[in-house]
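One structure is given here, and the rest of the page talks about it.
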Amino acid sequence: MAKCAAPHHTGRCGLVDLPHLTAATFIPDPSNQLVVVGTIKHKLWMYDLRAGKRPQVEMEWGDARVTALVADPDGQRVWAANGLGRIEGVDMRARAMRGCLKGPAGSIRALALHPRPSPSCPSASSSLLDGPPLMASAGLDRFLRVHSTSAGQQALGKVYLKQQLTGVAWLRPPAEAAGVADEEEMAEGREQDGQTDHQQAIGDEQQQEGGALVKAKEHKKKSRKHAQKGEKEGKGKSKKQRH
């Protein structure tokens, strides 16, 4: 672990060793300015965007490229996986690797933490709230594995999926997904109501403008008729005066 103050050089010729990034994740933080990236040369770099463009912390981990990164919701630990099937947690406070998970035999290509429902959700299951936090992993050994990130190193379960996987994701808990769907429907309804009100307002304006145009046309017709009548009366008076 060391601070990175200058670009690395390789060999006697002094060529700059440009970073080859293979994974990245944001660390949950009120500032949203912390990023952890992994490189092809089995290094982990942490960037604080408030402190500059160079990595603030550098850690060397394992002997293979870093292939996946995912951060805990509290931001205190980041899980890293590499091309040799190793999954380990990085304690961001101690800047040390802790909590290795066992089971994978091939390159890990994706990690995903279970989206635990919020305690305020009225229909959230107590088993989801009280149970251990879960993490799924998938890789080139064709197995989908589920681990507990709080206790134990062995996988809680695994499924053989016949294909080399490159991604994995959890579905939302049913109650929370239903709440999100209801909120989206309400938002769509409010948007439609707003569009309807706007269209109605436009229609009222157009109706008012149309009424004003009709009144203006009628006024013009009346003024023309009055002018024609005045001209006829003037011509009649002039004829009488001649006779």
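The values are calculated or read from the model by the stated rules, or taken from the named source; none is laboratory data. From a predicted model like this one, the values you see are computed outputs, not experimental measurements. Neighbour counts are summed over all protein chains in view; Cβ atoms, including those assigned to glycine, are modelled from backbone coordinates with ideal geometry.
Elements of the type strands (runs of 3 or more DSSP E) sitting completely within region 9-61 and holding at least 3 residues that are at pLDDT 85 or above and in contact with an Asp or Glu (Cβ under 7 Å, 6 or more places away or on another chain): there are none. In this entry, residue 80 passes the filter for residues that are part of a strand (DSSP E or B) and touching a Gly at 6+ places or on another chain (Cβ under 7 Å). Residue count for region 90-137 satisfying the condition of being at pLDDT 90 or above and in contact with a Lys or Arg (Cβ under 6 Å, 6 or more places away or on another chain): 1. Candidates in region 162-189 are the residues that are among the hydrophobic types (A, V, I, L, M, F, W, C), surrounded by 13 or more Cβ atoms within 10 Å (Cβ to Cβ) and modelled with pLDDT of 80 or more; of these, the one that is nearest to residue 72 (Cα to Cα) is 170. Among the residues of region 23-43, those that are over 23 Å from residue 64 (Cβ atoms) and polar (S, T, N, Q) comprise 31, 32, 33.
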